[in-house]
Amino acid sequence: MADPIEFPFGRPTDEPDFSDAEVMTRLRASYRALPTPPLAQVQQCAAAVLARAGASGAAAPVSRSVGRTFRPQWWWGAAAAATLVVGVMRPWRGEKTQHEADSAFAAGAAAQPTGSTRDEGDGEIRFDLTLPSTANAVAIVGDFNGWDETKTPMAKRGRDGTWSVRVPLSPGRYTYAFVVDGREWLVDALAPQVPDAGFGPANAVIVDGED
Amino acid sequence: MTDAELVVRTRTGDPEAFGTLVSRYYDACWRFAYHMLGERADAEDVVQESFLRAYLAIARYDERDQFRGWLFRILTNQCRNALTSRGRRTRRFVQDDIALETAPAAPPGPATSVEDAALIRALGQLDPAQREALLLKYAEGLEYSEMSAMTGAGESALKMRVKRGSERLRALLGRSIEDIPPGSMRSPGEPST
Amino acid sequence: MTLTGAAWLLLAQLASASPAAGVMFAQSATSSQQRMAPDDQALPSAQQRQQIQFDAARFDSVTANTLRGLFEDAVELGLPTRPLINRALEGSARRMTGDRIVKVVRELTAALNEAKVALGAGSTSDELVAGAEALRAGYDARTVTAVRATRTPGSAVTALVVLTDLARSGVPTGTAREAVTSIAKLPRSDEALLGLQMAVAKNAQRGPGMALDALNRYVRGTIPGSPGLSAPTTTDRKPVRPPDS
């Protein structure tokens with residue numbers, strides 16, 4: 001199998017002495033042995049970076065004049081060669097595939113609501129839930145309100161799709177879930193879950209009895 | 001399309017151009033990060049963080065420089081940060097009567113690969129500065145002058161790190177696997193014996 | 001799932017419907033308008049009636065009858081009824097059929113019974129439920145007992161909940177058991193246990209093997225414990241800061 005990573009063998013300067021050659025060989029072999037990260041992972045990284053940069057409010061980076069910078073001569077040739085080799089081994093598949101991959105990833109990652117629970121210390125627990133898409137009404141249902149979706153509606157915070165409510169809970173363990181717009185039942189993907197009993201997934205929360 | 005052209009496009013807000021840059025360098029970045037940090041998930045985190053920093057700083061990047069070099073400077077910084085903060089939190093593993101899989105080698109499952117687990121473990125026992133110098137010199141193939149510009153350390157200091165790191169690595173690898181206690185990843189605060 | 005002899009007997013009885021229990025309430029249950037007001041009836045003991053308060057109006061009458069029978073059988077077995085009632089209410093809220101609700105409640109009863117054996121005397125109702133869920137998640141009774149052994153009665157809920165959650169992230173049962181028991185043995189380790197749960201849940205989303213990586217990292221960073229366990233090694237995504245040139 002062709003070596004996907006080009007190493008600058010036969011360099012004129014800084015040749016390792018004989019004993020170091022073993023180390024170098026082994027290091028390079030280890031590099032080669034690692035599997036190529038799957039395309040999905042790479043694309044997820046790019047998508048995540050763009051999302052985080054966007055989320056932080058960063059505008060598209062604009063070119064500014066630069067001062068003295070790092071400018072090694074040798075890199076040019078090797079970088080070009082590496083690029084060429086990478087291009088051959090894993091051709092960039094084109095815009096369409098990238099778009100599909102991006103939206104598939106975004107859909108997958110975004111489809112999971114995530115939330116948090118917080119003990120407010122005054123006998124109430126605050127439940128927060130961030131939803132991937134807009135909703136008009138969200139309610140929390142659980143052991144503490146007889147799973148009645150009219151009892152504990154949540155309030156929307158800001159424009160970022162986060163919903164929140166405080167529930168008075170005495171110490172103990174409770175199972176709960178969220179009902180969106182009166183029809184869709186969702187769970188917090190990060191909070192502890194209970195095995196599906198035949199009803200669908202649900203979360204569990206433990207309220208501490210002591211400090 | 002050259003890196004320089006992609007950078008120019010990225011600056012105007014073209015996400016696909018940036019995506020192409022990521023796909024060009026992800027592999028190389030990840031392999032370096034994995035050898036520096038010893039764990040896949042950490043390597044992924046650090047690589048993503050590095051690309052993020054690169055994206056946010058791309059206005060300051062000079063197209064006459066090598067993108068790879070510039071990116072690697074960010075990457076080595078991020079690896080160093082990750083190791084420093086990990087060192088603050090990681091406790092030395094003490095063999096429990098309950099056996100736990102703790103080696104940073106490949107986890108079971110579809111992601112398993114045939115990799116040099118002993119090497120990764122041995123690398124983990126080096127002083128991070130030595131590890132970094134070794135990787136930059138032998139795996140990335142940099143000149144000492146380039147390494148100096150990248151890391152800010154003097155060339156003779158770097159040569160010493162490579163030499164010492166190489167000696168220690170050889171010593172570690174020379175022992176059989178059973179002699180190396182599992183999970184004894186060194187944190188930066190501890191002196192290398 | 002293995003059951004004790006008594007539990008099998010009970011299940012056999014439950015499966016054949018319990019008309020005897022149902023008849024007692026037939027009069028009051030025929031009217032769909034009328035609420036079942038448990039405290040009104042003259043039945044087993046007032047105390048037992050007290051335990052079985054549930055809004056029967058949320059079910060059709062047949063289901064309500066069957067459920068009441070199941071709840072009373074649970075009392076006979078010395079099992080808490082509140083978790084069963086909660087499950088029934090959940091089923092009704094989710095618009096499940098009466099058959100499915102009854103099936104789920106029966107299965108939970110059996111799991112509670114098995115958990116009671118595994119967890120032993122003195123375990124609280126919350127612990128029994130958490131233990132039952134762990135069994136349903138695929139752990140064996142031996143594992144549940146091992147977790148029980150790390151804590152005094154009443155304080156094993158978090159450990160059991162975390163154990164249960166690890167199963168859905170693809171952590172092998174043996175590994176999950178070792179991780180949870182080794183952390184749970186440490187003093188005041190509920191926070192650490194929840195941190196483990198979060199670390200694994202977050203990383204499980206990233207791909208195969210990620211959950212196990214995260215678990216190993218976390219355990220390594222937590223053991224040996226000392227008062228004031230450190231934060232998990234896997235943290236939230238770092239906030240975006242201006243890049244250091």
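Before moving on, here are some points about what is shown:
- Shielding value for C:92-102 is 3, the average number of Cβ atoms from other chains within 10 Å of each residue's Cβ.
- Stokes-Einstein D for the stretch C:74-214, Kirkwood Rh over Cα pairs, 4 °C, 1.567 mPa s (µm²/s): 83 µm²/s
- Peptide packing for A:122-134, C:130-142 was compared via the average number of neighbouring C-beta atoms within 10 Å per residue; ordered from the highest value, the list is C:130-142, A:122-134.
- Stokes-Einstein diffusion for the stretch A:152-211 at 20 °C, viscosity 1.002 mPa s, with a Kirkwood radius from C-alpha pairs, works out to 162 µm²/s.
- Zero-based 10 Å bins, Cα pair distances in the stretch C:50-106, whole percents: 26, 61, 12
- Calculated from backbone phi, Karplus (6.51, -1.76, 1.60) coupling profile of the stretch C:157-162 in Hz, x at Gly/Pro: 5, 4, 4, 5, 5, 5
- Per-residue HN-Hα couplings for the stretch A:165-173 [Karplus 6.51, -1.76, 1.60; θ = phi - 60°; Hz; x = Gly/Pro]: 7, 10, 10, x, 9, 7, x, x, 10
- Two-site FRET efficiency, C:Lys185 against B:Ser85, from Cβ-Cβ distance with R₀ of 35 Å, rounded to 0.05: 0.80
- Residues C:Thr145, C:Thr175, C:Thr97, B:Thr10 arranged by fewest to most Cβ contacts within 10 Å: C:Thr97, C:Thr145, C:Thr175, B:Thr10
- Temperature 4 °C, viscosity 1.567 mPa s: under these conditions the Stokes-Einstein estimate for the stretch C:139-187, based on its Kirkwood radius over C-alpha pairs, is 123 µm² per second.
- Note that the stretch B:17-59 shows a convex hull volume over its alpha carbon atoms of 60 Å³ per residue.
- Across peptide A:185-193, the mean count of Cβ atoms from other chains lying within 10 Å of each residue's own Cβ comes to 5.
- For B:37-48, mean number of other protein chain Cβ atoms within 10 Å: 5
- Gap separating the Cα centres of the stretch A:32-55 and the stretch A:187-206, nearest whole Å: 29 Å
Just so you know, all these numbers are worked out from the coordinates, no wet-lab data involved. Note that the coordinates shown come from a computational prediction; the quantities given were computed from them, not determined experimentally. Neighbour counts are summed over all protein chains in view; Cβ atoms, including those assigned to glycine, are modelled from backbone coordinates with ideal geometry.
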